[in-house]
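Enquirer: The structure under discussion is supplied below as structure tokens; questions concerning it will follow.
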Amino acid sequence: MKQRILFYLIFIFCFSASCQNQVAVDDIDNSPVFNKKDKAFENVFKILDGTWKGKFLIYQDLKQLPKDQVSMKDISLKSLEKDGLKLVNSIDVTQVYTSDSPFFQRVTITDFYPDTQKEVVSKGVNKIQDGKVWCVVRKPDETVIHDGKIEGGDTIIWSRDEQSPQRVEYFKETVSENFYEIIGWGYYEGDDTSLSPKLWFYAKYERQK
């Protein structure tokens, strides 16, 4: 009986210590405490290690439809062929990824806006924490948090759903050895969420030799 009580006390102590040592999801400086639930995602970000360059394109939908008439989850390049999409911005992007461990990867993102000659540098992480997939990017004016879901062996679905201010986003990120592609959409403050998304996104980045 005493051994059983001692076992429970040790378990509770270790569990409490683990909880106390766990970092916040938006912490990009410190690695989380990893556990058995994280093991299934080991090295899921590893293929991104290195330097990537490409363009991030932003389209505005000038002919929004009722949401139920547009595929919101099953998106592909065909989604960008919708009538009414107009290219409104093009950003030159450089991303440098470095894995600290099989579950924690750092990234530096440099966005260059050709129209204004403005350069913005952000820091972030891809990480596995408590059995969940996260991407956290600290921009100069905000911290962006997306939760992820693995689709197949080469695609991650990133999304966020925030209010006050409204920030609803859905991205499909597909990675191969030398290229990776992003297709997605977003609703922002003042956008009517009963209609199809006002903004759509596409990016294709190439690994640098």
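The values are calculated or read from the model by the stated rules, or taken from the named source; none is laboratory data. Treat the numbers as computed from the prediction; the structure is a model and nothing was measured. Cβ atoms come from the backbone with ideal geometry, glycine included; neighbour counts cover every protein chain shown. Surface areas here come from the heavy atoms of the whole protein model, side chains and all, with no ligands, DNA or RNA. Shrake-Rupley method; radii C 1.70, N 1.55, O 1.52, S 1.80 Å.
Enquirer: What do you reckon, is Gly190 on the phi > 0 side of the Ramachandran plot and open to solvent by 40 Å² or more (accessible area, probe 1.4 Å)?
Expert: Working: on the phi > 0 side of the Ramachandran plot: yes; open to solvent by 40 Å² or more (accessible area, probe 1.4 Å): yes.
Criteria met by Gly190.
Enquirer: Please work out which one of (1) surrounded by fewer than 13 Cβ atoms within 10 Å (Cβ to Cβ); (2) outside any strand (DSSP E or B) is the condition Asp38 fails and give its number.
Expert: The single condition Asp38 does not satisfy is (1).
Enquirer: What is the residue count in region 145-155 for residues that are aliphatic (A, V, I, L, M) and under 8 Å from the mean Cα position of the chain (by Cα)?
Expert: Taking region 145-155 as the starting set, the residues that turn out to be aliphatic (A, V, I, L, M) are 145, 150.
Subset that is under 8 Å from the mean Cα position of the chain (by Cα): 145.
The total comes to 1.
Enquirer: With the checklist (1) small (Gly, Ala, Ser); (2) under 18 Å from Ser99 (Cβ atoms); (3) in a loop (DSSP other than H, G, I, E, B) in hand, flag the one item Gly148 doesn't pass.
Expert: For Gly148, the failing item is (3).
Enquirer: Is it true that Asp83 is surrounded by fewer than 15 Cβ atoms within 10 Å (Cβ to Cβ), touching a Lys or Arg at 6+ places or on another chain (Cβ under 7 Å), part of a strand (DSSP E or B) and not hydroxyl-bearing (Ser, Thr, Tyr)? Quick ask: steps written out before the conclusion?
Expert: Details: surrounded by fewer than 15 Cβ atoms within 10 Å (Cβ to Cβ): yes; touching a Lys or Arg at 6+ places or on another chain (Cβ under 7 Å): yes; part of a strand (DSSP E or B): no; not hydroxyl-bearing (Ser, Thr, Tyr): yes.
So Asp83 does not fit the description; no.
Enquirer: If you don't mind, another one. Consider Val70 carefully, then state whether it is surrounded by fewer than 14 Cβ atoms within 10 Å (Cβ to Cβ) and more than 17 Å from the chain's Cα centre (by Cα).
Expert: Working: surrounded by fewer than 14 Cβ atoms within 10 Å (Cβ to Cβ): no; more than 17 Å from the chain's Cα centre (by Cα): yes.
No: the conditions fail for Val70.
Enquirer: Still on this model: So, in region 57-80, of the ones that are in contact with a helix residue (DSSP H, G or I) (Cβ under 9 Å, 6 or more places away or on another chain) and assigned to a strand (DSSP E or B), which residue ends up farthest from Glu173 (Cα to Cα)? Break it down into steps so the answer makes sense when it comes.
Expert: So the first thing to find is which residues in region 57-80 are in contact with a helix residue (DSSP H, G or I) (Cβ under 9 Å, 6 or more places away or on another chain), and the list is 57, 59, 70-71.
Now drop any that are not assigned to a strand (DSSP E or B), which leaves 57, 59.
Working: Leu57: 14, Tyr59: 17 Å.
This residue is Tyr59.
Enquirer: Name every residue in region 116-144 that is among the charged types (D, E, K, R) and either over 14 Å from the mean Cα position of the chain (by Cα) or open to solvent by 60 Å² or more (accessible area, probe 1.4 Å) (or both), in order of residue number. Before the answer, list the steps.
Expert: From region 116-144, those among the charged types (D, E, K, R) are 118-119, 123, 127, 130, 132, 138-139, 141-142; that's our starting set.
Selection gives Lys118, Glu119, Lys123, Asp130, Lys132, Arg138, Lys139, Asp141, Glu142.
Enquirer: Here's something else I'd like to know. I'm told Ser196 meets every condition in (1) at positive phi; (2) among the small types (Gly, Ala, Ser); (3) open to solvent by less than 20 Å² (accessible area, probe 1.4 Å) except one. Can you identify the failing condition by its number?
Expert: The one condition Ser196 does not meet is (1).
Enquirer: Further question on the same structure: So which of Ile28, Ile109, Ile91 is part of a loop (DSSP other than H, G, I, E, B) and surrounded by 15 or more Cβ atoms within 10 Å (Cβ to Cβ)? So that I can check it myself, show each step before the final result.
Expert: Values: Ile109 fails: part of a loop (DSSP other than H, G, I, E, B); Ile91 fails: part of a loop (DSSP other than H, G, I, E, B).
Ile28 is the lone residue from the list that is part of a loop (DSSP other than H, G, I, E, B) and surrounded by 15 or more Cβ atoms within 10 Å (Cβ to Cβ).
Enquirer: Got at least one residue in region 46-63 being among the aliphatic types (A, V, I, L, M), modelled with pLDDT of 95 or more, more than 17 Å from the chain's Cα centre (by Cα) and open to solvent by 50 Å² or more (accessible area, probe 1.4 Å)?
Expert: yes
Enquirer: Could I ask something else about it? Kindly indicate which of Ile58, Ile109, Ile91 is of a type in the set (A, V, I, L, M), under 19 Å from Val144 (Cβ atoms) and touching a Leu at 6+ places or on another chain (Cβ under 7 Å).
Expert: Numbers: Ile109 fails: touching a Leu at 6+ places or on another chain (Cβ under 7 Å); Ile91 fails: touching a Leu at 6+ places or on another chain (Cβ under 7 Å).
Of the residues listed, the single one that is of a type in the set (A, V, I, L, M), under 19 Å from Val144 (Cβ atoms) and touching a Leu at 6+ places or on another chain (Cβ under 7 Å) is Ile58.
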